[in-house]
Amino acid sequence: MAKATITTTIPLAAISFAIGLVIAIAVALARIADNRVLAWVARLYISIVRGTPLLVQLFIIFYALPELGVTVPPFPAAVVAFSLNVGGYAAEIIRGAIMAVPKGQTEAALTIGMNYRTVMASIVLPQAARIAVPGLSNTLISLVKDTSLASTILVTELLRVAQIAAAPTFEFLALYVTAAIYYWVVCLVLSSIQSPLEDRLGRFVAT
């Protein structure tokens with residue numbers, strides 16, 4: 001089980017979160033853009049992701065897409081589903097964090113000749129990152145637990161290994177409790193990183 005945690009569950013969560021975070025930033029910026037079409041597309045994406053179960057999203061990508069001639073292997077299918085899901089939820093966290101940065105800073109930067117991209121990259125996003133850390137940390141922890149759903153599309157992650165091991169021995173209690181402990185430990189480690197990360201990013205927040 002430890003091997004499954006290191007080789008599948010943690011990489012699955014890490015890759016999906018990294019890709020999802022990139023999606024989330026793009027969607028959040030589109031959500032607050034002056035372009036109404038872009039903002040509408042972003043809102044639609046968020047609505048679909050947040051309004052449908054993650055399990056259904058997994059099934060659509062892995063089981064339904066082959067009907068259209070698109071076959072995605074189990075692990076990549078899980079990455080796609082989890083990344084899109086994280087993107088939808090984290091986008092609103094990031095958008096809220098961006099909106100929490102005082103508008104006066106943006107206006108002042110634009111006044112002295114900085115372009116919008118530079119203002120976002122150098123002033124707004126670094127401060128928004130500090131504000132978004134608690135929400136994003138919760139999203140990551142939820143993602144680690146949600147990786148258990150990947151077992152439904154044949155990804156041999158932690159829960160899948162426990163299921164396979166328990167099938168011939170019927171030791172469901174011991175093996176499932178062991179799997180739960182592994183998930184718990186990973187989540188504890190992630191939680192312990194949150195405060196130091198907040199302190200590190202705190203230097204970007206204007207006082």
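Nothing in this text is a laboratory measurement; each read-out follows from the coordinates by a stated rule. Remember, predicted model here, so these are calculated numbers, not experimental data. Virtual Cβ from ideal backbone geometry, glycine too; neighbours counted across all protein chains shown.
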- So between ALA121 and VAL22, what do we pick up on full extension, going 0.36 nm a residue minus the alpha carbon distance? 34.3 nm
- Item | Label-to-label distance, nm, for residues given as LYS103 and ILE48 (7 Å Cα→Cβ offset) | 3.1
- Query: Of LEU21, LEU58, how do they rank once you tally other Cβ atoms within 10 Å and put the fewest first?
  - Reply: LEU21, LEU58
- Item | Pair LEU110, ILE193: separation of 7 Å Cα→Cβ label points (nm) | 3.5
- Message: Just to confirm the filter: which GluC sites (Glu not before Pro) across segment 125-198 are DSSP coil and have at most 14 other Cβ within 10 angstrom of their Cβ?
- Response: GLU171
- Item | Calculated from backbone phi, Karplus (6.51, -1.76, 1.60) coupling profile of segment 16-22 in Hz, x at Gly/Pro | 5, 5, 4, 5, x, 5, 4
- Hey, what did the chain get for relative contact order, percent, Cα under 8 Å, at least 6 apart? 28
- Note on the structure: Along segment 165-177, Karplus-curve 3J(HN,Hα) (6.51, -1.76, 1.60; θ = phi - 60°) to the nearest Hz, with x for Gly and Pro, reads 5, 7, 4, x, 9, 6, 8, 5, 4, 4, 6, 6, 5
- Query: Which distance in Å, rounded to a whole number, links the C-alpha centroids of segment 110-146 and segment 40-88?
  - Reply: 24
- Among ILE48, ILE23, rank each residue by its count of other Cβ atoms within 10 Å, from fewest to most, as a rough exposure measure. ILE48, ILE23
- Query: Dipole magnitude of the chain about its Cα centre, charges +1 at Lys/Arg Cβ and -1 at Asp/Glu Cβ only, in debye to the nearest 20?
  - Reply: 400
- Message: Suppose the chain between VAL41 and ALA64 were pulled fully straight at 0.36 nm per residue; how much longer would it get relative to their current alpha carbon spacing?
- Response: 5.9 nm
- Taking a quarter of the surface of the convex hull around the Cα atoms of segment 25-147, what do you get in nm²? 8.8
- Message: Could you tell me which residue out of ILE32, ALA108, LEU140 lies farthest along the dipole of segment 2-204 toward its positive end? Charges go on the beta carbon: Lys and Arg +1, Asp and Glu -1, centred on the Cα centre.
- Response: ALA108
- Using the Kirkwood radius over Cα pairs of the chain, the Stokes-Einstein translational diffusion coefficient at 20 °C and 1.002 mPa s, in µm²/s and rounded to a whole number, is 114
